[in-house]
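Structure first, then comments.
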Amino acid sequence: MADKSNPRVRKAVSQAGLSASKKHKAGTSSTTKPPTTDQPRVTRRAARQQQKDHPTVQQRNAKVSNDARAAAPFAWKACTGDANDLKRLQTKEEAVSQGLYHAGRIRSYIQLMAKTLQKHGGTTFQSWVAQLDDLEKQNDAFRVAIGFVGATEAGKTSVINALLGFRDLLPSSNQATATAVPCTIAYNNSPDPAAAFAAQIKFRTEQDIRQTLEYYFDAIATADESAEAAKADPSASASLNDSGTADEDVSDLLEMVSVVFNIDEAALRTETAGSLMAKHPDVRRLLGTTKTVKKSQSEVEAFSESIRPYMDSVTAVHGDTGVEFAAWPLIDVVYIFVKSDVLKNGVVLVDLPGLADSTQSRGRVAQEFFAKLSVTAIVAPVVRALNEQTATTLMTDNQQLRLQMDGSFHKKAFCMVLSKMDDIEVETHLKQQSGEARSDQTLEAARASLKALEEEFKTIQAHRSQTGQELKDIRRKLRHAEAHNLEQYQQDKSKSQVKLDSLDLQQQRNRKKAKDLNGLIRHWCITSRNAFVKKHMQQDFKRRQQRLAAVTTRPDLYDGDVNIFPVSSTAYWQVTQDTESPIGFPAKEYTGVPALQHWLRYAAIPERERHLNMVLNALHGLYNTMHTWSSASKASLRLTKKFVNDEVLHRPLEVFTTALTKRFSKLGRDIKALNPIKNKGSTVANCKDRCIRVVEHWAALDPDKGSQSKQLKRMRWPTYNACIARGGEVFIAKKGPRYAWVESLCNLFYEDIVGEWNLVLNEQVPALEPPTLDAIEEIWTAFMRQLEKRASVAAPQLLTAESQEKLSQIQLELRDLVSQDIRYIRDQARKAHLSVKDGVKAKWEPAFKRAKKEPAGKARFARQEQILVDFAARRGANMFKEATDQIAENLGAQLSAAHRRLARSMDEIRMRLANAILLILKPEGEDETPSDDNNSQENHAAGPRAAEKRNVQEIMLQWEAMWRMRTEQDTSLEACEAAIPDSYYVNAEDAEDADDDEDSSTGRGLVRVSSEQFLGQI
């Protein structure tokens, strides 16, 4: 039966009823005649039935129905050529939602029939249910992850809040800790109004925390040993450089441990991992759990406060004991779910730390998220962007190389966000850019007008003071005036008051003019600085992209350009929520936030549309088979199952399968021939030669300054020892740079292969898709020709236009499966290099252990350094050879898995084809396929109940109607300006005698007047 709870179904039914009622009334008034006395009396019901049963009427109705269908194709297919990408996607997303909804309603009937018919062949129904389950899982799991990476105090969280449309959703008072915890923000699909805002906080495991504590206590012991050695041998102090900082290795961990267990360093030295856990049961109970927070739509502030203790450094009670402590160091990841338009249809925002976390577990979690990003946005304050050289330095070299190897280091998958755009000293900037400022006539005119207004303000203020004094004198005289002078004094008072009011009004207007002039000047300074910073960042990005541009087949992607978005989240909220816009930001477009939202929407479109097309084609195929089964008549049954299989299907399917197998084998050979590390020998040789220099450079204080270690300042021994103790993993020294020894060795390897790797896996493998799909088109055409030859004699039902359309839909499903498989091959092959780091780390573990065991004392630094350099000389070549061999093995394994995946796709399509054809030939086939004996069906009690079938038919009719109707488009999806406006516009109310140019209204009813118009009016 129809599900009236669905609002779209209710709307469709009510509209259909209203339309039918109008047509009936119109028809009655124009064509109905009263019956004559010679005619027998006929009831309305009988008359309607006679009219319906008339053959001519039936033929006409059938023709009208068919013509209507032909005139109204499925909206999601008809929108293919729609130039508005966002509206096109909305149509397809609505179709997916409706398709899954109606298919889900049918599922209960299909499941019942599959269960009823299991003894007589109900596997067709079971396959429908399984196919629908898979589609729902794929749709639910679909994600387009957009990651935001930024250093501390970059304003990253504020930018994300602005994109989401909630001012204080994510706590941002302490970015230093918030950025250490990866946080994902996804759309909240829950219909529960009490859970409009939801969060899941996943805590680290007890084993993970115990390992961290054990490492901490081991590092303390090493530091104490070094300090004792320095006391015993004063001559060693020079090599130690500063024994008082020997515990530098644990400084980052000390903060984490102390804020959780509320204990200082001295007390910690008397504890063990076990004793700490035993004394803090609240901590132990949190570990390995997931906490859930839910709030209603009106409780956004309460929700923010509820999640703050898990993302900020504030302390709170987290258990029964009532003890307060900071929980953020115990957290792996926070998942947040909110109802925000920017998150609809699978888009997920990911808040990640900028640099790999010094705590290895959190660094590992962040790295796992980083590898899954579809789009990466680097956030840096515009005032610091150039001082930090470029925002791309917020990524490590290793992360940048991985982006390049994943094919994501280009303008469609990577952007830079310059936050805090409103933070600018106007006068300072004008002095720094005095030459450019003097050459801008509009700016100079604005500054001159502002100066004139300031002088006018002083003049008016003087007149106002004088008039005020006059008014004061008149009031004094009035108090002592004689009767005959009262009228004159009252007139003088009124004149003075009018004059004073006029001066006040003029001052008020001048203040508004001054604000707009200051806004114009401020906008010029902001725009000037943005252009300067963007120019230098573009140059830097082009240099970094050079190794890819040298070998690419996609110059449109690797042309050195990158999207850079200056934004001000502070100004955005002032414009959209506060009563008065800030100076320099007359409308929200000037804040840069809408431009960033616009780009993020479009950056996610390719993946979203690819997913939608796949789901819709699969749903259409499911729709066709269900429609064929539910709408067919038993009287059409003529063929036996054996005849259909042997004479109609067998030969064409065999030829089809053989041709596909050959084509898939060729695809495998073509992919295998595109070896991304075919120059293995030269790669190993290059890495071996450079490996020794890199290891020698580990002793440098600044790891980013070249590799000539003799010319560089050397780090202190405690720092060197800390890196050894961590096995070459990430270590961030106190008030020092970031050291990542294992990564530096991996980077050697990546730098040598990244160009060829990107070319092969991100360009050449995807380029195999079009010719493969063309070949499948030819194979399909040949299959249909063979099938038509046999069907013309044995099964003419297959030659109808409706049957041909249903079979053609399966071809689209095949194309989608093959496209998915090729992307799967590419994505899995790109992961083959991930084993390099683990392999390098394992190879170097003995060397680090040996260096760590070197006895304390004089020249320990030199001995440790020599151990590592000698190991690089002995094992470097073998290490990189094993790395290339491991990648080759991984690629081979992925290729084998891809072959199996293609084979499964072929089997799936063959089964769908066979089922579709059998259903067309035997529509009433409750027993899955035509029986060997037509009369044997009467002996089965397995047929679906008539009522159930009618229910399915009604749902199918509603499904079809919803797919054919064009839905109302969401006006919020209209494209906005792609950049901050170059020209500055002011509110017309602020300009005297302004023209009502309402064609360019923006913001809160803002009537735009250009700066030139405004200056002319002044």
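Given the structure, is Leu286 buried (at least 17 other Cβ atoms within 10 Å of the Cβ), of a type outside the set (D, E, K, R), modelled with pLDDT of 80 or more and within 24 Å of Lys849 (Cβ to Cβ)?
Spelling it out, it is not the case that Leu286 is buried (at least 17 other Cβ atoms within 10 Å of the Cβ), of a type outside the set (D, E, K, R), modelled with pLDDT of 80 or more and within 24 Å of Lys849 (Cβ to Cβ).
For Met879, which of the numbered conditions (1) in contact with an Asp or Glu (Cβ under 9 Å, 6 or more places away or on another chain); (2) in a helix (DSSP H, G or I) fails to hold?
So the condition that Met879 fails would be (1).
So which residues in the range 313-336 are crowded, with 21+ Cβ neighbours inside 10 Å and under 30 Å from Trp599 (Cα atoms), if there are any at all?
Scanning the range 313-336 gives Val334, Ile336.
Conditions first: (1) at pLDDT 80 or above; (2) on the phi > 0 side of the Ramachandran plot. Asn878 passes all but one, so which condition is the exception?
(2)
Looking only at the range 482-495, filter to residues that are in contact with a Lys or Arg (Cβ under 9 Å, 6 or more places away or on another chain) and of a type outside the set (Asp, Glu); which one of those is farthest from Glu456 (Cα to Cα)?
Asn485
Mind listing just one residue for me: the one in the range 832-841 that is out of contact with any Asp or Glu (no Cβ under 8 Å at 6 or more places or on another chain) and surrounded by 14 or more Cβ atoms within 10 Å (Cβ to Cβ) and, of those, modelled with the highest pLDDT?
The initial filter retains those residues of the range 832-841 that are out of contact with any Asp or Glu (no Cβ under 8 Å at 6 or more places or on another chain), namely 832-836, 838, 840.
Adding the requirement that they be surrounded by 14 or more Cβ atoms within 10 Å (Cβ to Cβ) leaves 832-836, 840.
On the way: Ala832: 80, His833: 80, Leu834: 79, Ser835: 81, Val836: 84, Val840: 88.
Top of the filtered list is Val840.
Keeping to the range 767-808, report how many residues are closer than 19 Å to Lys642 by Cα and of a type in the set (Gly, Ala, Ser).
Total satisfying the criteria: 4.
If I go through the range 496-510 residue by residue, how many of them are under 17 Å from Thr459 (Cβ atoms) and either buried (at least 19 other Cβ atoms within 10 Å of the Cβ) or in contact (Cβ under 8 Å) with a residue 24 or more places away in the chain (or both)?
So the answer is 8.
Restricting to the range 453-469, count the residues that are over 15 Å from Ser502 (Cα atoms) and touching a residue at least 12 places away in the same chain (Cβ under 8 Å). Don't jump to the end; show me each part of the working.
Residues of the range 453-469 over 15 Å from Ser502 (Cα atoms): 453-455, 458, 469.
Retained after the next criterion (residues that are touching a residue at least 12 places away in the same chain (Cβ under 8 Å)): 453-454.
Looking only at that region, the number is 2.
From Lys852, Lys837, which residue is farther than 30 Å from Gly407 by Cβ and in contact (Cβ under 8 Å) with a residue 40 or more places away in the chain?
Lys852
Is it the case that the range 893-901 has a residue that's among the polar types (S, T, N, Q), surrounded by fewer than 18 Cβ atoms within 10 Å (Cβ to Cβ) and in a helix (DSSP H, G or I)?
yes
Which of the residues that make up the range 757-809 are surrounded by 13 or more Cβ atoms within 10 Å (Cβ to Cβ) and of a type in the set (Lys, Arg)?
Arg790, Lys806, listed by residue number.
Can you tell me how many residues within the range 789-836 are hydroxyl-bearing (Ser, Thr, Tyr) and either in contact with a Ser or Thr (Cβ under 7 Å, 6 or more places away or on another chain) or outside any helix (DSSP H, G or I) (or both)?
Total meeting the criteria: 1.
When the range 564-581 is examined, which residues are found to be surrounded by fewer than 20 Cβ atoms within 10 Å (Cβ to Cβ) and closer than 18 Å to Ile980 by Cβ?
If the condition is that a residue be surrounded by fewer than 20 Cβ atoms within 10 Å (Cβ to Cβ) and closer than 18 Å to Ile980 by Cβ, then Thr570, Trp573, Gln574, Thr576 are the ones that fit.
Name the residues in the range 515-564 that are touching a Phe, Trp or Tyr at 6+ places or on another chain (Cβ under 7 Å) and within 19 Å of Ala380 (Cβ to Cβ), would you?
Once the filter is applied, which keeps residues that are touching a Phe, Trp or Tyr at 6+ places or on another chain (Cβ under 7 Å) and within 19 Å of Ala380 (Cβ to Cβ), the range 515-564 yields Gln545, Val562, Asn563.
Restricting the range 142-164 to residues that are within 13 Å of the chain's Cα centre (by Cα) and in a helix (DSSP H, G or I), which is farthest from Ser568 (Cα to Cα)?
Step by step, filter the range 142-164, then rank; the result is Leu164.
Touching a residue at least 60 places away in the same chain (Cβ under 8 Å), part of a helix (DSSP H, G or I), surrounded by fewer than 19 Cβ atoms within 10 Å (Cβ to Cβ) and not hydroxyl-bearing (Ser, Thr, Tyr), is that true of His611?
Here the answer is no, as His611 does not meet what is asked.
Can you tell me how many residues within the range 888-916 are of a type in the set (S, T, N, Q) and free of Cβ contacts under 8 Å to residues at least 24 places away in the same chain? Give the steps one after another, and end with the answer.
Let us first name the residues in the range 888-916 that are of a type in the set (S, T, N, Q), namely 890, 894, 896, 905, 915.
Within this subset, residues satisfying the condition of being free of Cβ contacts under 8 Å to residues at least 24 places away in the same chain are 896.
Residues in the range 888-916 being of a type in the set (S, T, N, Q) and free of Cβ contacts under 8 Å to residues at least 24 places away in the same chain: 1 in total.
Could we say that Met416 is within 30 Å of Leu761 (Cβ to Cβ) and surrounded by 14 or more Cβ atoms within 10 Å (Cβ to Cβ) here?
In short, yes.
The values are calculated or read from the model by the stated rules, or taken from the named source; none is laboratory data. Since this is a predicted model, take the numbers as computed values, not measurements. Backbone-built Cβ (ideal geometry, glycine too); neighbour counts: all protein chains shown.
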